Amino acid sequence: MLVIYDPTHLLHNPTTELYDGVATPSPETPDRIETIKKSLEELLQLCWKNPDNFSDEEALTLHSKPYIEYLRESSSRLVKGQECVTSNFIHDTYAPISNGTWAAARSALNTALTGAQSLLQGDDNAVYVLCRPPGHHAGDAYMGGYCFFNNAGAAANYLSAHGRVAILDIDYHHGNGTQQLFYERSDVLYVSIHANPANQYPYTNGFEAETGLGKGLGFNKNIVVEKYCGWDIYSHAFTEALEAVTQFKPDYLVVSLGFDGYKDDPIAGFGLSIENFGQISSEIKKLGLPTLLVQEGGYCIEALGDLAKEIVENLS
Ligand code: SP5
Ligand code: ZN
């Protein structure tokens, strides 16, 4: 397996988030990716690559000009140590911006696109993109849920010029941004298993009745499970998701890989064990598709390294 990593993510280091109007520590920290990197470095079968630089034109095609400029401006106006949650181009209160946010979010896109390019070139049949900030809550003109640009979406869109692409989103939360970006497209399938939005973030989207629009009708599939549902229930939902992917006959698979379904995740949790993530990974391998793993959420720092290892070892 090939792994794409760029230390530029370290420049985005949010300290607080608002929870019921109260400042609480942000779970989306640089050590998430650093601990995964450190742990994967112990595996000898991996190749490592730094991202190439993609132009704004190539990297930001899915996002609107006003949003792009707003984020660039807001980030550059802040000085070191300052942090702010803006009130425009955002769908919640969970996207704190600092001076390094633009560079980090932009580098995450480079990382995802480099992964997609490597997959196209046939460098490896599976590529793991160690990116943050995450992406699946970012839509065409909004940030939110710790996300600024949609990394998996950009990679899927890039791959879609060369074949049919399925996005399988296994982050605990519904990828409302990814859903929005592909909602009216039939060349990219979006399938997500996530916690019930009736009581879990992002609340506004992710219901099973959302199945796509226009040409995209039938190419968006939401599978809802409950918080702490456990492996028995989750594995059935996962099988259903894989069936939808198989039926679509994709040429490429992009996995929005969240580890926040892990049983000890501090803000989420489906009750899944590290071994369960191994089972997920070997089922993905059985699809036999060129696969791009794009890191999304996952906040149990002590377990992230082992979770990533479990994914890699079962997919290599
Ligand atoms: C990429 C990703 O996983 N984003 C998740 C964003 C969810 N943020 C909102 C969750 C709010 C829960 N905060 C609980 C804090 C308790 N002190
Ligand atoms: Zn999540």
- Using only Cα atoms, what is the ratio of the radius of gyration of the chain to 2.2 N^0.38 Å? 0.90
- Query: Using only helices, what value at 222 nm comes out for the chain when you add -39,500 (n - 2.57) per DSSP H run of length 4 or more and divide by the total residues, to the nearest 500 deg cm²/dmol?
  - Reply: -11000 deg cm²/dmol
- Solvent-accessible area per residue, Å², over region 1-145 with all protein chains present [probe radius 1.4 Å]: 44 Å²
- Could you pull out the GluC sites (Glu not before Pro) across region 1-44 that fall in loop regions by DSSP (anything but H, G, I, E, B) with no more than 15 other Cβ atoms inside 10 Å? 41, 42
- Task: Quick one: pull the percent of accessible area on region 246-311 belonging to carbon and sulfur, 1.4 Å probe, ligands and nucleic acids left out.
- Result: 47 percent
- Message: Out of all DSSP beta bridges in the chain, what portion is antiparallel? Express it as a percent rounded to 5.
- Response: 20 percent
- Who wins for biggest fluctuation among 194, 136, 91 in a Gaussian network model of the chain, springs between alpha carbons below 10 Å? 91
- Message: My understanding is that a pair violates if its Cα-Cα distance is over 29 Å; which of 263/286; 65/309; 37/285; 221/286 do that in this structure?
- Response: 65/309
- Item | region 89-195 - percent of accessible surface contributed by carbon and sulfur, probe 1.4 Å | 44 percent
- Query: Given Cα pairs under 8 Å that are at least 6 residues apart, what percent is the relative contact order of the chain?
  - Reply: 19 percent
- Kyte-Doolittle cut-off -1.0, length cut-off 27 Å along the helix's own axis using Cα: show which whole DSSP H helices in the chain pass. 101-121
- Check: C-alpha center region 262-315 vs C-alpha center region 163-199, spacing in Å is 18 Å
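The values are calculated or read from the model by the stated rules, or taken from the named source; none is laboratory data. A quick note: this is a predicted structure, and the numbers were derived from the prediction, not measured. FYI the Cβ positions are ideal-geometry reconstructions off the backbone, even for glycines, and counts take in every protein chain you see. Ligands, DNA and RNA are excluded from the accessible area calculation, which covers all protein heavy atoms including side chains. Shrake-Rupley method; radii C 1.70, N 1.55, O 1.52, S 1.80 Å.
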